[in-house]
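Data first, discussion second: the structure below is written as structure tokens.
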Amino acid sequence: MNKRPTYKRILIKLSGEVMAGGRGVGIEPSELRTLAEEIEELRGLKVEVALVTGGGNLIRGAQATAYDLERVTADQLGMLTTIINGLALRDVLEKRGVPTSIQSAVPVGDIAALYVRSHALKDLRDGKVIIFVGGTGNPYFTTDTAASLRALEIGAEIILKATKVDGVYDSDPVKNPTAMKFDTISYQEVLQRRLRVMDATAISLCMDHQLPLVVFNSGVKGSMRRIIGGEKEGTLIH
């Protein structure tokens, strides 16, 4: 790795599935500990780190019909799940001595501070890891969109999207063993091919503001460190 990180301020998007580990639902303690170790290592390299937690380990708004719920209600449940995930990650980080700040897009009393951009920027400068929860605070917008939005607001230089696969493929690698992995791909091609990387709104935000995005396998030890060091890992979308 280079002596100096290529990126000094990053945003990591953690899906609910990543936090669930192999179980697929709930929160896997070993996964939280692994994530905390990786994040602690980045701080040791003087990288300013922010995170956005997803909520897919419990419910997604798109699953509203299956649960016989209104879409808005399902999205609100998803927002609450992101807060649960964020609180769990905060505690694991702080037990490792990593100072954190958890900020929510929806008011939740004393559980988490309400998101204020100026406060977030100050916390980053003070060396805290910020955990953004509650999505955008609005139904019909995914936590992927929240990740793109928060990254732009705080001036992040790159988004690292942690997933259970090692990059972006032209088809589902689980269903198609001959699926081709992209080392790099443009935003436009992601949209044209309708690749399931992030939702179209999130990709469009990144494209409009030239914010690079790396999709990588969070289960591969040291992957975040290698990415911020400028090494090839996963798929770069730019």
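The values are calculated or read from the model by the stated rules, or taken from the named source; none is laboratory data. Since the model is a prediction, treat every value here as computed from it, not as a measurement. All Cβ positions, even for glycine, are placed from backbone atoms using ideal geometry, and neighbour counts span all protein chains on display.
Just for the range 15-43: of the residues that are among the hydrophobic types (A, V, I, L, M, F, W, C) and in contact with a Ser or Thr (Cβ under 8 Å, 6 or more places away or on another chain), which one is farthest from Asn85 (Cα to Cα)?
At the first step, the residues of the range 15-43 found to be among the hydrophobic types (A, V, I, L, M, F, W, C) are 18-20, 25, 27, 32, 35-36, 39, 42.
Retained after the next criterion (residues that are in contact with a Ser or Thr (Cβ under 8 Å, 6 or more places away or on another chain)): 18-19, 35.
On the way: Val18: 11, Met19: 8, Leu35: 12 Å.
By that ranking, first place goes to Leu35.
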Hits in the range 147-193 - residues which are among the hydrophobic types (A, V, I, L, M, F, W, C), closer than 26 Å to Gly22 by Cβ, in contact (Cβ under 8 Å) with a residue 12 or more places away in the chain and part of a loop (DSSP other than H, G, I, E, B): Val165
Pair list, Cβ under 7 Å, 6 or more apart: the range 124-140 residue more than 10 Å from Ala50 (Cα to Cα), other residue of a type in the set (Asp, Glu): Pro139/Asp75; Tyr140/Asp75
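Checking the conditions here, which among Leu160, Leu191 is under 14 Å from the mean Cα position of the chain (by Cα) and aliphatic (A, V, I, L, M)?
Working: Leu191 fails: under 14 Å from the mean Cα position of the chain (by Cα).
Selected residue: Leu160, the only one of Leu160, Leu191 that is under 14 Å from the mean Cα position of the chain (by Cα) and aliphatic (A, V, I, L, M).
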In the range 124-157, the residues that are hydrophobic (A, V, I, L, M, F, W, C) and surrounded by 22 or more Cβ atoms within 10 Å (Cβ to Cβ): Val129, Ile130, Ile131, Phe132, Val133, Ala146, Ala147, Ala151, Ala156
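Yes/no per residue for (1) over 23 Å from Thr145 (Cβ atoms); (2) surrounded by fewer than 17 Cβ atoms within 10 Å (Cβ to Cβ); (3) at pLDDT below 95:
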site	(1), (2), (3)
Arg90	no, no, no
Glu94	yes, yes, no
Ala105	no, no, no
Tyr115	no, no, no
His119	no, yes, no
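Determine whether the range 64-84 contains at least one residue that is in contact with an Asp or Glu (Cβ under 6 Å, 6 or more places away or on another chain), farther than 30 Å from Glu231 by Cα and surrounded by 15 or more Cβ atoms within 10 Å (Cβ to Cβ). Full working, then the answer.
Of all residues in the range 64-84, those in contact with an Asp or Glu (Cβ under 6 Å, 6 or more places away or on another chain) come to none.
Within the range 64-84 (the criterion being in contact with an Asp or Glu (Cβ under 6 Å, 6 or more places away or on another chain), farther than 30 Å from Glu231 by Cα and surrounded by 15 or more Cβ atoms within 10 Å (Cβ to Cβ)), the answer is no, since none of the residues qualifies.
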Helices (runs of 4 or more DSSP H) within the range 1-107 that include 1 or more residues farther than 22 Å from Val197 by Cα: 29-44, 71-95
Qualifying residue in the range 42-57 (condition: surrounded by 14 or more Cβ atoms within 10 Å (Cβ to Cβ), more than 24 Å from Glu157 (Cβ to Cβ), modelled with pLDDT under 95 and of a type in the set (D, E, K, R)): no
From Gly16, Gly24, residue being of a type outside the set (Phe, Trp, Tyr) and closer than 16 Å to Gly134 by Cα: Gly16
